[in-house]
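Heads up: the structure comes next, in structure tokens.
Derivation of every value follows stated rules applied to the coordinates shown; laboratory data play no part. Computed from a predicted model, the values in this text were never measured in an experiment.
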Amino acid sequence: MAYESNIARSAVDFHGLNQLREQAVKEVDSQQTLKQVAGQFESLFINMMLKSMRQASLGDGVFDSSQSKMYQDMADQQLASDLSMRGGLGLQEAIIQQLGSYQLQSAQPAKTGQSYSYDTVTIRPALAKKVNELMLKQIRDIHAENIDTDSTTELKDIGAVVFDSPQDFVKTLWPYAQQAADKIGVAPEVILSQAALETGWGKYVLKDKAGETSFNLFNIKAGKSWTGDSVSKVALEYRDGKAYNEASQFRSYESYQDSFNDYIEFLQTQPRYRDALKHTGNADAFVEQLQKAGFATDPNYSDKIKRIMNSDILARISLESDHA
């Protein structure tokens, strides 16, 4: 098509989008037009993602200025356009599937000089959800390409590190979570969200009487079958909707990697978690099944994990790690 060569120029230009709209009206049944529309929107999404990544940085560099930021923005726009033309993040397919089931409502050509209006855009929840899922998947895939997470690889021991912030917690433990997640096919964000809930973003990892950390990120208790070290702690438990303080023994490990490894083994060897392991491809269903199986007695356990999963910290840190 004649307008295909203009996609790079107009990928982040609303005037270009308006021209494409006019072309779409003229060729209402054209699959090629639909593909170009999807490509334009994917380019916009990629550019938005790049902008979010820049905003998530720690601060301005020594040589940053308004001019350098302007050129950086131009470079990001060009990168977004190029990525979209080369297949992008897979959003085009999702958008085509969504838009393909709808016919264009307008049968009249757009008036010359008519500007693009934000008010005419309607975002369907199903499309927005699909786009978010695809973007998060792409973030995980990009991160996985830059970190060796083979299940047989022993990661460097970080010792009893102190986590200064939620961001520090996620960035430090991401490689371990990625490695553990690969063993059962769940997203690393799910595992880290659960660990964040159990330990208050690493601030309250259980310690022994001497003040030494247990490295227990998931507060797994030391039952009769546990032969390793343990620490004693009075924890809040729920029964029949009421909260009680109860002293229990919890497992103690030599490292955070041991904690992640034992967490995966714990799920795989306990029959009650079979249903959870059947839903590793669906984060919400997975944590719901964990609660149903009795991983924790808190009646709001799965909802709390979901709120952490849906925060921007995990996605933002994963992007920063790719460019560290």
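For Asp164 and Asp298, calculate 0.36 nm times their separation in residues minus their Cα-Cα distance, and state this gained length in nm to one decimal. Can you show the working numbers first?
Working: separation 134, 0.36 × 134 = 48.24 nm, distance 2.66 nm.
Result: 45.6 nm gained on full extension.
Against the empirical 2.2 N^0.38 Å scaling, what ratio does the C-alpha Rg of segment 161-221 come to? Walk me through the intermediate numbers first.
Working: Rg = 11.7 Å, N = 61, 2.2 N^0.38 = 10.5 Å.
For segment 161-221, the normalised Cα radius of gyration is 1.12.
Please label the shape of segment 149-322 as rounded, prolate or oblate, based on the square roots a ≥ b ≥ c of the eigenvalues of the alpha-carbon gyration tensor (a/c under 1.5 means rounded; beyond that, a/b larger than b/c means prolate, else oblate).
Numbers: a/c = 1.33, a/b = 1.11, b/c = 1.20.
In terms of gyration-tensor shape, rounded.
List the residues whose amide H sits under 5 Å from the amide H of Ser230, counting only those 5 or more places along or on another chain, with H placed 1.01 Å from N in the peptide plane.
Ser252
Report, to two decimal places, the Cα Rg of segment 198-280 normalised by 2.2 N^0.38 Å (N = number of residues). Could you put the intermediate results ahead of the total?
Numbers: Rg = 13.6 Å, N = 83, 2.2 N^0.38 = 11.8 Å.
Relative to the 2.2 N^0.38 Å estimate, segment 198-280 comes out at 1.16.
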